[in-house]
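Down below is the structure, laid out as C-alpha cells.
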Amino acid sequence: MINLILSSCSSLLLFLSLISFITSPTAISAQGVWPKPRTLSWPNPLATILSPTFTISSPYHQHLSPAVNRYRIQIVTEHHRPLVPPPVNLSNSSPPLRTLTITVKDLTSSLRHSADESYTLIIPTASPTANLTAETVWGAMRGLESFSQLVWGSKPLLVSVGLYIWDSPLFEHRGIILDTSRNYYPVDDILRTIKAMSANKLNVFHWHITDSHSFPLVLPSEPDLAAKGSYGNDMLYSPHDVARIVEFGLEHGVRVLPEIDSPAHTGSWAEAYPDIVTCANMFWWPAESQWADRLASEPGTGQLNPLNPKTYQVLKNVIGDTVALFPEPFYHAGGDEIIPGCWKADPAIQSFLSKNGTLSQLLETFVNSTFPYLVSLNRTVVYWEDILLDNNIKVDPSFLPPEHTILQTWNNGPNNTKLIVSSGYRAIVSSSEFYYLDCGHGGFLGNDSQYDPPPTSGNSGDGGSWCGPFKTWQTIYNYDIAYGLTPEETKLVLGGEVALWSEQADPTVLDVRIWPRASAMAETLWSGNKDESGKKRYAEAMDRLNEWRQRMVTKGIRAEPLQPLWCVKNPGMCNTVHPSA
C-alpha cells in the first residue's frame, strides 16, 4: 500500500510539473505525429537520447502484450531519419529515456464500436521514465503509436521530451473498405493493410469479401460456394485465414467487419446454386436496350431470389458461419444496387408482379426473412443506404428499427447523410464523391466508344470512370462528414470509411491506391481538419503528410508520393498563396 501511495504521489507531482506549460502560448506541434493529436503541448522543443536498454513496462494482456513487444522492437530498430530535421535541441540536463510505463485502467474492455481509445502520454524532461495512461488496451495501442513516432535518428536514437499529449478520436468508426471479390488479395496483403491502418489510428477493416464476380470465403456449412464460385483453389480464404486476420486485427486495434452483400451482387452464388439466383451469367446490358433495362450496373449479373425458400436455407447457413468466424458485433448485409431488370427476368417473380406485387415488397420479404435472424445472433446490421433511399426498390422503415440498423452512405455526398440521420438512423459515411479511392483510373469496359472521339473535338473523354475524377488527398482531407447537420444529428454519424473497389485494383497497386490518401481521412476523423481558429489546416498538413508518407515507406508500405522531393525539403515553397487560382 505504501508503494502504491508513493507511486501515485510521484505521478501527481510529474503531472503538476507539466501543468505550467500545457497551456503555454508558445507550444508547438511535435514533429512526426500523424494523425495530429487532439491536445499536444511541447513549449520547449527538446530531445534526449533513448537508452540502448529502453524497455516498455506494461500489464499482461492477450492482445496488448504482442503490441508492446512489436512496438519495442520497432522503436529501437526503425532508425527513422526525417527528410526535414525537426527544430529540436538536445537537452543537456535530461537523462536518457529508459522506460515507457503503461497503465491501463480497464483490461477487460473488448474491441467494439465505442471502445474507449483515449490516452495520455507524458514524456518529462527530468525523468528516465515516460508514462502512458489509457482507459483500455485499445487506447494504449494508440498511445504506443504516438510514442513510436516521437523517436527518430540512428546513433543515437532521440526522443522528444518535455511533452504532454491527451488524445481521443472525434469519430469512433474510422475504416477502409477492401473489395476482395473482383480481384483477389493474398492474406499477407490484407495483414499489411491492417498494420498500416493501425499506424494511422484507423480501427475498422471493412472486408467486402464476396460479390457477383467471385465467392472466395470458405464456409463449413456451404463449401460449394467457394469451391465453385471462387477464381480457383489458390484464391480462397479458409477459416484458418480468417482467424489469422481477425487475431492480427485485434493485436493492432483494428476490427474486422465482414460484408456478405445480398440480395444483389450475388452472381457468384449461382455456380453452386443456380436455382436461387435470378439473371445469373446473362449479359449485363443487352444491346440496343435503355440503361433502365440493364440487368446489372456493371458486368457480373445475379441477384438472390426472395421467392425461393431455398434462398433462405443457404443464406442462413452463410450468415451463421460468417458470424461464427467474425466476433465483430457489426454484420454488413449489403443491400445495394438491386436492379429491377434482373428480378424481372425470373418467371416466378414475373408472376408475382402480375398479381400486383411490387419489387419493393420483394425486398421487404427478403429483409424480413434475414434481418431478424441477424439480430437474434446479437449483430447490429449494416446496410448500404440504397435499402431505404433507392428511387425504385426500397423497404419501409418499419422493417429496419434504428436500434439494430446502421446505414452506410455512398451517394449524393452530405445530402444523403442528412437524409439518413434525420430519419433517426446511425450513419457511416463513404461518399463516393470524396472517399472512393478507385475513381479516376478510367473504365474497365471494352468496346467503349467514348475513348474514340473525333481528334478535332477537343474532348479526350473522362476515361470512363463513373466517379471520376481522381480523389486527391486534399479532397479527402477537406471533406466534413457532418456538414449541414445539427449537433443532435451529428451524434448519429459514427464515422467514415474510404473504399477501394477492385475492378481495376489488385495487390500490385494496393498500397499506392490506399496510402497516403487514407491517412488524410485518418487525421480528419481523429482530430479534425481545422485549426484552433476554425480554419482548414490542409496547407499545414501537407508538410506533415509528406513526412508521414516517407515514414510509411520505411515501414514497407509503398505509399505514393505527393510532391517532388524538393518540395518536401523546402516546406511551404510549393504552396500557392492564391487558393482560388
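Points to keep in mind about this one:
- Ranking Val246, Gln408, Pro216 by how far each Cα lies toward the positive end of the dipole of the chain (charges on Cβ) leaves Val246 at the top.
- Note on Thr120: accessible area approximately 30 square angstrom, rounded to 10, probe 1.4 Å, nucleic acids and ligands left out.
- Looking at the chain, the DSSP beta bridges with both ends there are about 30 percent antiparallel.
- Helix 2-22 and the longest principal axis of the C-alpha atoms of the chain enclose an angle of approximately 90°.
- Charged-residue dipole, Cβ positions (Lys, Arg, Asp, Glu), the chain about Cα centre, Debye nearest 20: 2200
- Within the accessible area of the chain, the carbon and sulfur atoms contribute 55%, probe 1.4 Å, all protein chains present.
- Point-to-point label distance, Asp452-Glu288, nm (Cα→Cβ direction, 7 Å offset): 2.0
- Couplings for region 79-96, taken from phi via the Karplus curve 6.51 cos²θ - 1.76 cosθ + 1.60 with θ = phi - 60°, read 6, 5, 10, x, 5, 10, x, x, x, 10, 9, 7, 5, 8, 10, 7, x, x Hz in order; Gly and Pro are left as x.
- On a per residue basis, region 502-542 carries 35 Å² of accessible surface, using protein heavy atoms and a 1.4 Å probe.
- Counted by Cβ distance under 13 Å from Pro340, the other residues give a net charge of -2, where Lys and Arg count +1 and Asp and Glu count -1.
- For q = 0.12, 0.13 Å⁻¹, Debye-computed log10 I/I(0) when each Cα of the chain counts as one equal scatterer: -1.20, -1.37
- Taking Cα atoms only, the orientation of helix 413-422 departs from the longest principal axis of the chain by about 90 degrees.
- Among Tyr435, Tyr231, Tyr184, the sequence by solvent-accessible area, most first, with a 1.4 Å probe is Tyr231, Tyr184, Tyr435.
- In degrees, nearest ten, helix 64-77 long axis to first principal axis of the chain (Cα): 60
- Counting only protein chain heavy atoms and rolling a 1.4 Å probe, the accessible areas of His63, His578 rank, largest first, as His578, His63.
- Across region 302-368, counting alpha-carbon atoms alone, Rg and Dmax equal 13.8, 43 Å.
- Within the shell defined by Cβ-Cβ distances under 13 Å, the residues around Asn546 carry a net charge of 0, with Lys and Arg each +1 and Asp and Glu each -1.
- Shown here for region 261-368: trypsin sites (Lys or Arg not before Pro) in loop regions (DSSP other than H, G, I, E, B) with at most 16 other Cβ atoms within 10 Å, namely Lys355.
- Among the chymotrypsin sites (Phe, Trp or Tyr not before Pro) found in region 288-373, not one is both in a DSSP coil and sparsely packed, with 16 or fewer other Cβ atoms within 10 Å of its Cβ.
- Computed 3J(HN,Hα) for region 107-120, one whole-Hz value per residue from the Karplus formula 6.51 cos²θ - 1.76 cosθ + 1.60 where θ = phi - 60°, is 8, 9, 5, 7, 7, 7, 4, 6, 4, 6, 10, 6, 7, 10, glycine and proline marked x.
- In the context of the full set of protein chains, residues of region 185-247 present 32 Å² of accessible surface per residue (probe radius 1.4 Å, heavy atoms only).
- Solvent accessible area, Å² - Trp166, 1.4 Å probe, full protein context: 90
- Cβ-placed point charges (K, R +1; D, E -1), dipole of region 384-477 about Cα centre in debye, nearest 20: 280
- Relative packing of 232-241, 266-275, 149-158, which averages over residues the other C-beta atoms within 10 Å, highest first: 266-275, 149-158, 232-241
- Of Leu90, Met282, Phe366, farthest towards positive along the dipole that unit charges on Lys, Arg, Asp, Glu beta carbons give the chain: Leu90
- Neighbour net charge for Ala199 - beta-carbon separation under 9 angstrom, K R +1, D E -1: +3
The values are calculated or read from the model by the stated rules, or taken from the named source; none is laboratory data. Note that the structure is a prediction, hence the values are computed from the model and not measured. FYI the Cβ positions are ideal-geometry reconstructions off the backbone, even for glycines, and counts take in every protein chain you see. Heads up: the accessible areas ignore ligands, DNA and RNA and are worked out on the full protein's heavy atoms, side chains in. Shrake-Rupley method; radii C 1.70, N 1.55, O 1.52, S 1.80 Å.
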